[in-house]
1. For residues that are more than 17 Å from G149 (Cα to Cα) and in contact with a strand residue (DSSP E or B) (Cβ under 7 Å, 6 or more places away or on another chain), tally how many sit in the range 1-30.
2. Going by the structure shown, is Q92 part of a helix (DSSP H, G or I) and out of contact with any helix residue (DSSP H, G or I) (no Cβ under 9 Å at 6 or more places or on another chain)?
3. Among residues belonging to the range 5-48 that are among the hydroxyl-bearing types (S, T, Y) and outside any strand (DSSP E or B), point out the one that is surrounded by the fewest Cβ atoms within 10 Å (Cβ to Cβ).
4. Looking at the range 71-105, which of the residues that are surrounded by 11 or more Cβ atoms within 10 Å (Cβ to Cβ) and of a type in the set (V, I, T) is nearest to W152 (Cα to Cα)?
5. Any residue in the range 20-44 that is touching a residue at least 40 places away in the same chain (Cβ under 8 Å) and under 15 Å from M1 (Cα atoms) sitting within a Cβ distance under 6 Å of a residue that is among the small types (G, A, S) and buried (at least 16 other Cβ atoms within 10 Å of the Cβ)? List the pairs, counting only those 6 or more apart or interchain.
6. Does the range 66-93 hold any residues that are at pLDDT 90 or above and in contact with a strand residue (DSSP E or B) (Cβ under 8 Å, 6 or more places away or on another chain), and which are they?
7. Given the criteria in a helix (DSSP H, G or I), among the β-branched types (V, I, T), surrounded by 13 or more Cβ atoms within 10 Å (Cβ to Cβ) and in contact with a helix residue (DSSP H, G or I) (Cβ under 9 Å, 6 or more places away or on another chain), does I67 qualify?
Amino acid sequence: MTDILFLDLGTNCGWARATETDKQPRAHGVIKLAPSRFASAGTRFTKFRDFLTITARSGPGSPVKRIVFEEVRRHRGTDAAHIYGGLLAILQTFCLDHGFEYEGLPVGTIKKHVAGKGNAGKPEMIAAVQKSGFPLVRDDNEADAIGIGLTWLAQHAGARKCDQLFRAEEVGVIGQGDRELRRVADAATQDALDSLLD
């Protein structure tokens, strides 16, 4: 089984972790990447690389083999855009160097899935994540990382059900004429497609 790391990239980097079969993340937090007063501005990038290295090897469950991040297309300021771009470059090269899969989820997709609307603000996202079973979350970066996890896991749940049913049919556990199981597989496929198109 593979662990997945969900990241909200930024100076205060929210993270969450789950396996492919979890319904929601089981570990989460925030890592502060801001350099100290006398450190180089590039320190945040080495801290992030070190965080990825340590997190990929340790933690609850299996080693991380996939990283999913919030794909931001527009930033409010130049500094935020530069920091995001630097962190994304480190994430991508880290994944390529270690053979990890990585993918981005659009901001609006995450917000729509978690808070019900694609332009939800930080307080709305925190409240929605708290209602989703994480009542102690107070940080918007941590809430975003959990939201990324909830969205990705929900999008892939239907595909996992289909895979399980088709594998069972291939090995002869399910008879060819079982209409009910085929109906469930078709519904799961449609749910997965609908969630991707939302």
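The values are calculated or read from the model by the stated rules, or taken from the named source; none is laboratory data. Note that this is a predicted model, so its numbers are computed, not measured. Neighbour counts are summed over all protein chains in view; Cβ atoms, including those assigned to glycine, are modelled from backbone coordinates with ideal geometry.
1. Count: 1.
2. For Q92, the condition - part of a helix (DSSP H, G or I) and out of contact with any helix residue (DSSP H, G or I) (no Cβ under 9 Å at 6 or more places or on another chain) - is met.
3. Filtering the range 5-48 for residues that are among the hydroxyl-bearing types (S, T, Y) and outside any strand (DSSP E or B), the one surrounded by the fewest Cβ atoms within 10 Å (Cβ to Cβ) comes out as S36.
4. That would be V72.
5. Once the first residue is touching a residue at least 40 places away in the same chain (Cβ under 8 Å) and under 15 Å from M1 (Cα atoms) and sits in the range 20-44, its partners that are among the small types (G, A, S) and buried (at least 16 other Cβ atoms within 10 Å of the Cβ) give P25/A16; P25/A18; P25/G149.
6. Selection gives R66, I67, V68, F69, E70, E71, L87, L88, L91, Q92.
7. no
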